[in-house]
Amino acid sequence: MSSTAPETTPSGRIPGTRRPPAPAPAASAPHAHPLSALSALRAPALRARRALHRAAPALAAYLAVRVTGLILLSVWAHRRHHGVWPILATQWDSDWYLDIADHGYADELGTAHNANNLAFFPLYPVLVKAVAAVTPGTRASTALGIAVVASLVAAWGVFAVGERLYGRRVGILLTTLWAAFPVGLVQWMGYTESLFTACAAWSLYAVLTRRWLWAAGCAALAGLTRPTGIAVAAAVAVAALLSLRHRPVRPRALAAVFLAPLGWGAYIAWVGLRLGRWDGYFAVQRLWHNDLDGGLETLRKIRWLLAQDSSPQLFLVLVTFTLIASAVLFGLSAWDRQPVALLVFSGVLLVIVLGSGGVYFPRARFLLPAFPLLLPVAVHLSRASVRYRALALSAAVLGSAYCGAYMLLVWPSAP
């Protein structure tokens, strides 16, 4: 049996069939470009809006805790005939930062105890000076406003870390617990703790989401904010190095290792050049009696308060409890196998604070940015009954409000 091939026309088309339609011409680049550019601009704004919407309950809880503390402080201050504004904006470290914004840094070491402002890192006073130049009001009001705004950015970052690891409920609880830290009122003072926590929280979140350059950038800003910024840099560097194991080298992760400590290192180097000695910054810290002694002074003070002092001051007892609880919470965090970046950050911060031979009473404030230590508590509360959770949070909020007011109105020294 034979078969014949179908006849075709000279163009190759079989007679009786239709020619397939020609494909539609592609849209020209000039017409598509504006729409794609507009979409590219709208996408980050849309993601930010959705993220802010998810964080809204956490931010509302944060504001509720801090407003509660502010109300108690105002009532107590009124009864003692004190003004709230000077307490929050112009005392202790706030005065040092305002002086730097007004007059700049010292250009010699000097010999007087606690008389050299080079111990204070530059990002906060630089922001105060820059914002005050374009806004009405005094530099003190600007400094306080920056601290409050930074505290909200920090609360958002704290929520983002908690939600990323354990879900939205834990993120809200973590933010609430951070707001209710025993010395949490410092978050709304002219201090650097809020700005530093904002940089640290978003740097750690960027590590968790593998945004290495963002993580390094926030770490560098943290290093320009407080001496403990080296803890953020260490967290980013260790996490970036570990991410390179068993994988091709990632240029951004490798770059983060070198970029993260630049802020801290740049200020240390600048102080050395300004004073004409390589150990200039550490010489300044010795004037403030802030040498590292391996924790001997901390242990001596804790032993004295718990065993020998018959009538210890309440605020020092609070500081001691915070230090001991922080060490225990770090052990629980390690037991829970938190991500390495969070463990390195909390661990280095604890080593610096507990290992310092300097003054004892500000140690609780120095640990305020260590919000990952509160994750075990937040996870536990997320699994507890509603009644237990409400009682625990109410006690924490009211306790924080009382401790904050006591710290500023009764305790005679800096927080």
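A short reminder: the numbers here are calculations on the coordinates, not readings from a lab. Since the model is a prediction, treat every value here as computed from it, not as a measurement. Backbone-built Cβ (ideal geometry, glycine too); neighbour counts: all protein chains shown.
The figures follow:
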read-out	value
Unmet criterion (only one of (1) assigned to a helix (DSSP H, G or I); (2) in contact with a Leu (Cβ under 7 Å, 6 or more places away or on another chain)) for Arg169	(2)
Hits in segment 378-413 (condition: over 22 Å from Arg303 (Cα atoms), touching a residue at least 24 places away in the same chain (Cβ under 8 Å) and not in a helix (DSSP H, G or I))	Val410
Candidates Leu88, Leu109, Leu123, Leu127 - the one that is closer than 18 Å to Pro412 by Cβ, surrounded by 16 or more Cβ atoms within 10 Å (Cβ to Cβ) and aliphatic (A, V, I, L, M)	Leu88
Matching residues in segment 364-377 - criterion: being crowded, with 21+ Cβ neighbours inside 10 Å and assigned to a helix (DSSP H, G or I)	Ala364, Arg365, Phe366, Phe371, Pro372, Leu373, Leu374, Leu375
Residue that is surrounded by the fewest Cβ atoms within 10 Å (Cβ to Cβ), among those in segment 294-320 that are within 15 Å of Phe366 (Cβ to Cβ) and not basic (Lys, Arg)	Gly295
Subset tally (residues that are buried (at least 21 other Cβ atoms within 10 Å of the Cβ) and farther than 19 Å from Cys199 by Cα) for segment 145-171	1
Those residues of segment 294-333 which are assigned to a helix (DSSP H, G or I) and in contact with a Ser or Thr (Cβ under 9 Å, 6 or more places away or on another chain), in sequence order	Glu297, Thr298, Lys301, Ile302, Leu305, Leu306, Phe315, Leu323, Ser326, Leu329, Phe330, Ser333
Residue ranges of helices (runs of 4 or more DSSP H) in segment 89-166 with at least 3 members more than 19 Å from the chain's Cα centre (by Cα) and under 23 Å from Phe282 (Cα atoms)	93-103
Subset of segment 342-363 [over 12 Å from Ala231 (Cβ atoms), in contact (Cβ under 8 Å) with a residue 60 or more places away in the chain and out of contact with any helix residue (DSSP H, G or I) (no Cβ under 6 Å at 6 or more places or on another chain)]	Gly355, Ser356, Gly358, Val359
Trp288, sole failed condition from (1) more than 20 Å from the chain's Cα centre (by Cα); (2) touching a residue at least 60 places away in the same chain (Cβ under 8 Å); (3) within 27 Å of Leu208 (Cβ to Cβ)	(3)
Answer from Thr142, Thr176 - the residue that is buried (at least 21 other Cβ atoms within 10 Å of the Cβ), in contact with a helix residue (DSSP H, G or I) (Cβ under 9 Å, 6 or more places away or on another chain), among the β-branched types (Val, Ile, Thr) and under 26 Å from Ala51 (Cα atoms)	Thr176
Number of the condition not met by Arg226 [criteria: (1) surrounded by 24 or more Cβ atoms within 10 Å (Cβ to Cβ); (2) assigned to a helix (DSSP H, G or I)]	(2)
Which listed residue, of Ala160, Ala133, Ala154, is more than 30 Å from Val317 (Cα to Cα) and touching a helix residue (DSSP H, G or I) at 6+ places or on another chain (Cβ under 6 Å)	Ala160
